[in-house]
Amino acid sequence: MKKFLACVAVLIVLCSVAFADENVKLKSVEQLKTEKLAAQRGTVGQFIAEDLLGDKKASLLTTYEKYVDAVASLRQGKIRAIIMDEMPAKRFLQSVEGLAIMDEALSEENYAIGFRKGNTELVEKVNKALSEMKADGTLDKIFDKYLNGDYLEINPETIDFNKGAKGGKLVVGTEAGFAPYELKVGNGFIGIDIEMCAEIAKKLDRELVVEHMNFDALPMAVSTNKVDMICAGITVTDERKENMDFSDNYVVGAKQVALVRADDYEK
Amino acid sequence: MQMTMRNKFLTRHNGAGRGDMLLGVVAVFLLYALYNSGFFTEAAWNDFNRRFYQNFIKDRRYMMLVDGLRATIFMTSWATFIGLIVGLILSVIRVAYKGGARIPVLNALANTYITVLRGTPAMVQLLIWNFTIFASARDLNTQYIAILAFGLNSGAYIAEIFRGGIESIDHGQMEAARSLGLSYGLSMKLVVLPQALRNVIPMLFNEFIALLKETSVAGYIGIDDLTRAGQNIQALTLEHSQPLVMVAIIYLVIVLFLTHVVRKLEEWLSRGRR
């Protein structure tokens with residue numbers, strides 16, 4: 001037993017020495033086509049990475065359930081870049097040392113709320129609420145609160161979920177690891193999407209209930225009616241449109257970027 | 001049998017062999033590597049403290065772990081309870097079938113149940129329960145769905161534990177009881193079951209321990225159990241290792257405690273046994 005342990009330990013040490021090789025630094029997104037990439041499972045980042053890698057995606061693409069796991073792999077050198085939305089990437093840049101975002105964006109996307117296919121009634125109601133919020137500046141105010149302030153200081157209890165509303169519940173599915181759009185703090189939730197949904201719920205005279213689940217479980221949850229709608233910084237794509245309905249866009253031109261190690265990137 | 005095996009393992013003393021030497025050398029090498037990478041410097045210590053504060057102390061974030069632990073224990077306890085009931089019913093059906101009370105339909109059902117639930121991963125069962133069977137149950141707390149899924153799953157295992165416990169009792173015991181004029185039911189109740197219980201109780205505790213760890217997949221259907229609480233802290237502080245290691249430590253402490261209880265229980269149960 002002890003001999004076996006010792007052998008394993010020696011092997012680990014040897015491996016850590018053997019696999020620490022030097023690479024050519026990244027300069028442009030073109031280089032990513034032959035590199036090990038990562039994305040959160042089920043996100044648009046994954047689709048973009050698949051397009052970039054083509055046939056090689058089976059061997060070069062790793063998908064993670066959580067961004068934190070992907071970033072840990074990036075820092076350990078298991079992958080070279082994470083394809084993700086710019087805003088959460090910027091948050092990683094602020095709080096994790098040694099990261100960089102490649103200047104060149106990979107694409108620009110629009111965010112919308114997702115619904116079960118054929119739930120036209122709710123889509124129309126939400127669209128009406130959204131356009132009112134766009135017109136009277138409510139939406140801008142929410143974005144301003146999160147993009148120009150320290151949102152980690154926001155107390156979840158200050159967000160009004162319209163408890164006890166007469167119209168029943170409005171159940172929203174989300175993946176609360178995507179700040180500043182949604183984040184779990186203590187027992188509550190904060191984020192742009194959360195506050196936006198809270199406003200929508202108020203306009204619909206319904207009580208907001210937030211269900212926190214994995215991102216790739218969200219389409220399943222909305223199509224089986226577990227939740228009324230899903231709001232998690234979801235990009236509108238043609239493929240997704242085949243399986244669910246979308247509201248009007250509430251974010252236009254959100255960039256998809258490559259998050260890399262700072263010492264691995266040459267501007 | 002298990003007891004003797006373990007005692008043998010624990011009391012087997014090896015002198016310091018080449019394995020120890022090699023392990024020592026590697027340990028020194030690793031310590032040296034850690035020292036070189038600045039692991040023992042004051043800066044590293046301060047950094048550790050700062051991150052620890054961020055992860056667990058600030059805004060009472062440790063409460064997320066406490067709530068998660070509460071959910072984990074809540075789910076495990078109720079699931080074990082359901083498992084006990086289901087397991088008892090199933091094992092009674094199967095043992096009675098062998099003992100002469102033959103109801104083929106029930107026995108076939110019990111067999112199928114055990115085969116299916118033991119032959120598929122608990123994680124897959126959990127997803128099926130939540131997204132297929134209870135697809136339209138929206139106001140039902142997801143925790144109850146998880147309890148049901150884990151409970152029915154562990155019921156299949158517990159049924160086998162019970163059956164194994166009963167069948168481990170020598171046939172002669174039953175035959176002797178029957179020859180003394182006791183009915184099948186009474187011989188079971190007075191002679192076989194008390195002896196079986198002695199074998200079964202430690203294994204039930206082990207099932208509880210296994211289930212405790214198994215519930216860590218509950219996060220997949222949106223329950224903030226202990227594992228998921230750690231992941232929530234990760235998302236909050238963007239810190240990778242500390243929350244996970246902390247979660248692991250909490251699981252380990254609970255499991256070690258329960259293992260200790262099982263060991264004491266085993267000793268207590270085997271008192272008077274020669």
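Only the coordinates and a few stated rules stand behind these numbers; no lab work does. Keep in mind that this is a model prediction, so the values were computed, not measured. Using ideal geometry, Cβ is built from the backbone for each residue, glycine included, and neighbour counts are taken over all protein chains shown.
Figures for the structure shown
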quantity	calculated
222 nm mean residue ellipticity, helices alone, for chain B (DSSP H n ≥ 4; -39,500 (n - 2.57); rounded to 500)	-25000 deg cm²/dmol
Options A:Gln40, A:Phe4, A:Ile142, ranked by Cα towards positive dipole end of chain A, top entry (Cβ charges)	A:Phe4
Stretch gain in nm, segment B:Asp20-B:Ile73, where the contour uses 0.36 nm per residue and the Cα spacing is subtracted	15.1 nm
Candidate lysines - alpha carbon under 23 Å from A:Lys141, same-chain residues fewer than 8 apart omitted	A:Lys90, A:Lys125, A:Lys128, A:Lys163, A:Lys184, A:Lys202, A:Lys203, A:Lys255
Centre separation in Å (Cα based) which lies between region B:23-84 and region A:114-130	44 Å
Region A:172-187 and region B:167-213: distance between their alpha carbon centers, rounded to Å	51 Å
Separation in nanometres of the label points that stand 7 Å from Cα toward Cβ, at A:Arg75 and A:Val10	3.3 nm
Anisotropy class of region B:58-269 from Cα gyration tensor, a/c 1.5 cut	oblate
Lys, Arg +1 and Asp, Glu -1 on Cβ, resulting dipole of chain B about Cα centre, debye, nearest 20	780 debye
Reachable aspartates and glutamates from A:Lys166, criterion Cα separation under 17 angstrom, eight or more residues apart if same chain	A:Glu199, A:Asp205, A:Glu207, A:Asp228, B:Asp139
Prolate/oblate/rounded call for region A:113-248, Cα gyration tensor, a/c under 1.5 rounded	rounded
Unit charges at the beta carbon, dipole of the protein assembly as shown: most positive-side option, B:Gly99, A:Tyr250, B:Phe52	B:Gly99
Modelled label reach - B:Glu267, point 7 Å along Cα→Cβ, region B:176-209 residues with backbone N closer than 13 Å	none
Nearest-ten-degree value, helix A:44-53 long axis tilted from longest Cα axis of chain A	40 degrees
Within straight-line cross-link reach of B:Lys98, lysines at Cα separation under 30 Å, skipping those fewer than 8 residues along the same chain	B:Lys189
Helix axis angle, A:192-203 relative to chain A longest principal axis, alpha carbon, degrees	10 degrees
